[in-house]
Amino acid sequence: MFRAPNFCAGIKPAFVILAVMLVCSCSKKTGARTEQILGTVCTVDAFENGTKDLYGELFSRLKEIDTRFSANSASSDISRINSAAGKKAVAVHDDVYFVIESAVKYASLSGGLFDPTIGPLVKLWGIGTGHEKVPSQNEIETAVAKVDYKKIRLNKNEKKDSSTVMLAEEGMALDLGGIAKGYAADELARILSEHNIPGAIIDLGGNIYAFGNKSDYSPWRIGIKNPDRTSDIPALLYETKTPATVVTSGVYERFFIKNDVRYHHILNPRTGRPSQSGILSSTIIASSSMAADALSTISFLMGQNEFFRRMGTSSVEFEGVIFILPDNRAVASRSLKKKLSAYDSEFRISFADK
């Protein structure tokens, strides 16, 4: 994770490889900054405005979030909550409380498909840790019994960093890999805005945030990969002249193969097994990276039909969703029709009514 809360459990590549997939007409720049934080490679490029002081502030905030959300550090808020499960409430930093509170809202919205207490299942499967295994049905059932976002006890306190979180049963564990990296990207965007930076690219392990505008006001061009291919050439191209965040969940980034069966890392909290929604990847485009992070997991778990049906009538704000399916096919929201095209000539896109 950081084993990043298991940020690994939610590493979501938007497949914008900055040198290639921001199929560039990028403005002249002084250099980006890249560091290994949050259990992944994080890059920020503020182009000609990328000063040492600015990058220092941005990466200090990332390290602060890493420290508070890390499941590998016994002193982090998340580790302390998990260790105290079934015993006592734990006072946490305000940003940790906010992310957990937001995760509960998305859990409710998804009917529990997105569940921040999925930690016992993530640990059981161990996907991405080097210690993967296919658990027995009894082990899965035991872990599933410990997954229930409704057993998170939240107590808001107006005093700074004094709100509390408690997991009601011993053995429960938070895993915020499906939302925390999105929050971190939003925080970097907030800092850039406070410094009046006109445009920048944030890439947190594939959570892409096209912030502001390019200096020449040409579109941001963001490529989305076909999971069936190993090439870095994108299947689809999303173009926008307005700020946007792009987050993808897919079957191909973290997985292991056992007896010729592929097991990917996106676990269904109801079955306790890797999701079988019939899609290869789901990409959400939104103004909030945290929303896109959570919704990309939700859409992947729901599958295209249920997601269009349920989210089409919800109050959740996002620009659109792109489902990549087998056989070089994609289904996308009609709202993306003027911004989304096939970069790969063999790829076919259809647009849903919702």
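Is there any pair with a first residue in the range 310-338 that is among the aromatic types (Phe, Trp, Tyr) and a second that is assigned to a loop (DSSP other than H, G, I, E, B) and modelled with pLDDT of 95 or more whose Cβ atoms are under 9 Å apart and which are 6 or more apart or on different chains, and what are they?
Short answer, once both residue conditions are applied: Phe318/Ser287; Phe318/Ser288.
Among the residues of the range 75-87, write down those that are assigned to a loop (DSSP other than H, G, I, E, B), surrounded by 15 or more Cβ atoms within 10 Å (Cβ to Cβ) and in contact with a Gly (Cβ under 9 Å, 6 or more places away or on another chain).
The answer is Ala85, and nothing else.
Checking Glu187 against (1) outside any loop (DSSP other than H, G, I, E, B); (2) in contact with a strand residue (DSSP E or B) (Cβ under 9 Å, 6 or more places away or on another chain), which test does it fail?
Every listed condition holds for Glu187 apart from (2).
Being in a loop (DSSP other than H, G, I, E, B), surrounded by fewer than 21 Cβ atoms within 10 Å (Cβ to Cβ) and acidic (Asp, Glu) is the filter here; which residues of the range 88-143 pass it?
Across the range 88-143, the qualifying residue is only Glu132.
Can you tell me which condition Asp344 does not meet? The list is (1) in contact with a Pro (Cβ under 9 Å, 6 or more places away or on another chain); (2) in a strand (DSSP E or B), and all the others hold.
Exception for Asp344: condition (2).
Looking only at the range 51-69, count how many residues are without any contact (Cβ under 8 Å) to a residue 24 or more places away in the chain and over 19 Å from the mean Cα position of the chain (by Cα).
The total comes to 6.
Of these, Val251, Val247, which one is buried (at least 18 other Cβ atoms within 10 Å of the Cβ), free of Cβ contacts under 8 Å to residues at least 60 places away in the same chain and within 17 Å of the chain's Cα centre (by Cα)?
Answer to the check: Val251.
Identify all residues within the range 147-167 that are of a type in the set (Ser, Thr, Tyr) and either part of a loop (DSSP other than H, G, I, E, B) or over 19 Å from Asp94 (Cβ atoms) (or both); write none if there are none.
Start the filter on the range 147-167 by keeping residues that are of a type in the set (Ser, Thr, Tyr), which leaves 149, 162-164.
Of everything in the range 147-167, those that are of a type in the set (Ser, Thr, Tyr) and either part of a loop (DSSP other than H, G, I, E, B) or over 19 Å from Asp94 (Cβ atoms) (or both) turn out to be Tyr149, Ser162, Ser163.
Thr164: within 18 Å of Gly205 (Cβ to Cβ) and surrounded by fewer than 23 Cβ atoms within 10 Å (Cβ to Cβ), yes or no?
no
Matching residues to (1) within 16 Å of Pro227 (Cα to Cα); (2) touching a Gly at 6+ places or on another chain (Cβ under 9 Å):
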site: Met290; (1), (2): no, yes
site: Phe300; (1), (2): yes, yes
site: Phe308; (1), (2): no, no
site: Met311; (1), (2): no, no
site: Glu319; (1), (2): no, no
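So, Asn72, is that one in a loop (DSSP other than H, G, I, E, B) and either over 30 Å from Ser314 (Cβ atoms) or touching a residue at least 60 places away in the same chain (Cβ under 8 Å) (or both) or not?
Yes, satisfied.
Taking the range 281-332, which residues are at pLDDT 95 or above, among the β-branched types (Val, Ile, Thr) and surrounded by fewer than 23 Cβ atoms within 10 Å (Cβ to Cβ)?
Val331
Looking for something modelled with pLDDT under 90 and hydrophobic (A, V, I, L, M, F, W, C) - is there at least one such residue anywhere in the range 50-59? Before the answer, list the steps.
Residues of the range 50-59 that are modelled with pLDDT under 90, as a first pass: none.
Checking the range 50-59: not a single residue is modelled with pLDDT under 90 and hydrophobic (A, V, I, L, M, F, W, C).
So, of the residues in the range 111-148 that are hydroxyl-bearing (Ser, Thr, Tyr) and at pLDDT 95 or above, which turns out to be nearest to Gly39 (Cα to Cα)?
Thr117
Name the one entry in Ile224, Ile202, Ile233 that is within 19 Å of Lys339 (Cβ to Cβ) and either crowded, with 22+ Cβ neighbours inside 10 Å or touching a residue at least 24 places away in the same chain (Cβ under 8 Å) (or both).
Ile224
Okay, residues lined up against (1) crowded, with 23+ Cβ neighbours inside 10 Å; (2) in a loop (DSSP other than H, G, I, E, B); (3) of a type in the set (Ser, Thr, Tyr):
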position	(1), (2), (3)
Glu170	no, yes, no
Leu176	yes, yes, no
Gly182	yes, no, no
Asn196	no, yes, no
Glu239	no, no, no
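I want to confirm something. Restricting to the range 205-221 and keeping residues that are under 21 Å from Met290 (Cα atoms) and polar (S, T, N, Q), which single residue is surrounded by the most Cβ atoms within 10 Å (Cβ to Cβ)?
Here the answer is Asn207.
What are the pairs, 6+ residues apart or on separate chains, where a residue within the range 88-110 that is more than 20 Å from Val147 (Cβ to Cβ) has its Cβ under 6 Å from a residue that is polar (S, T, N, Q) and surrounded by fewer than 15 Cβ atoms within 10 Å (Cβ to Cβ)?
Ala91/Ser162
Residue check, Arg309 against (1) farther than 27 Å from Ala145 by Cβ; (2) assigned to a loop (DSSP other than H, G, I, E, B), all met but one. Which one?
Exception for Arg309: condition (2).
The values are calculated or read from the model by the stated rules, or taken from the named source; none is laboratory data. Small disclaimer: the values here were computed from a predicted structure and weren't measured. All Cβ positions, even for glycine, are placed from backbone atoms using ideal geometry, and neighbour counts span all protein chains on display.
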